[in-house]
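Here's the structure, in structure tokens; my notes come after.
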Amino acid sequence: MTRTDILLVEDDPHDLELTLRAVQRHVHRERVVVVRDGAAALTALHGEGASDRVGLVLLDLELPQLSGTDVLVAIRGHARTRSLWVVVLSSNDDRAVVERVQRLGADRFVRKTHDHAGLLEVLANFAAGNRPGRGGV
């Protein structure tokens, strides 16, 4: 099965709207699943009825219920989701934070509001079937 859907994990309504606008430039809206906390993200990926179509996770770090870092660790630790593309979206660009999420397995770190081009590049690569390059900020 081709993994063509995006799981967008974002709790801030303003950031959610901005990210959805960028996503819709490359992916049809019905292929985007939105959840607003870390626990819901893991349910969407690992729970009963979880979709096998998700191929890209756009993950905020500061989430209610379960942090984005904890979600990333769970994604990389589960055979079903280990190979998903995970792009961390955060307003925190502290070098230690960036390095930590990259060590934990994030494919890319994109700074919210300041790296719109980086997010568009990730989405274009995903739409074309190319894995996003590692790095960010």
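Coordinate-derived values only; no laboratory data. The model shown is predicted, which means the values in this text are computed figures rather than measured ones. Cβ coordinates were reconstructed from backbone atoms using ideal geometry, including for glycine residues, and neighbour counts include every protein chain displayed.
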What helix-only [θ] at 222 nm does the chain give? Using -39500 (n - 2.57) per DSSP H run of at least 4, over all residues, to the nearest 500, the answer is -11000 deg cm²/dmol
With N residues in the chain, Rg(alpha-carbon) / (2.2 N^0.38 Å) equals 0.93
Ranked output for segments 98-104, 40-46, 54-60 by mean other Cβ atoms within 10 Å, highest leading, reads 54-60, 40-46, 98-104
With 0.36 nm assigned to each residue of separation and the Cα-Cα distance removed, Ser83 to Arg100 gains 4.3 nm
On the formula 1/(1 + (r/R0)^6), with r taken between the Cβ atoms of Leu66 and Ser91 and R0 of 22 Å, the FRET efficiency rounded to 0.05 is 0.70
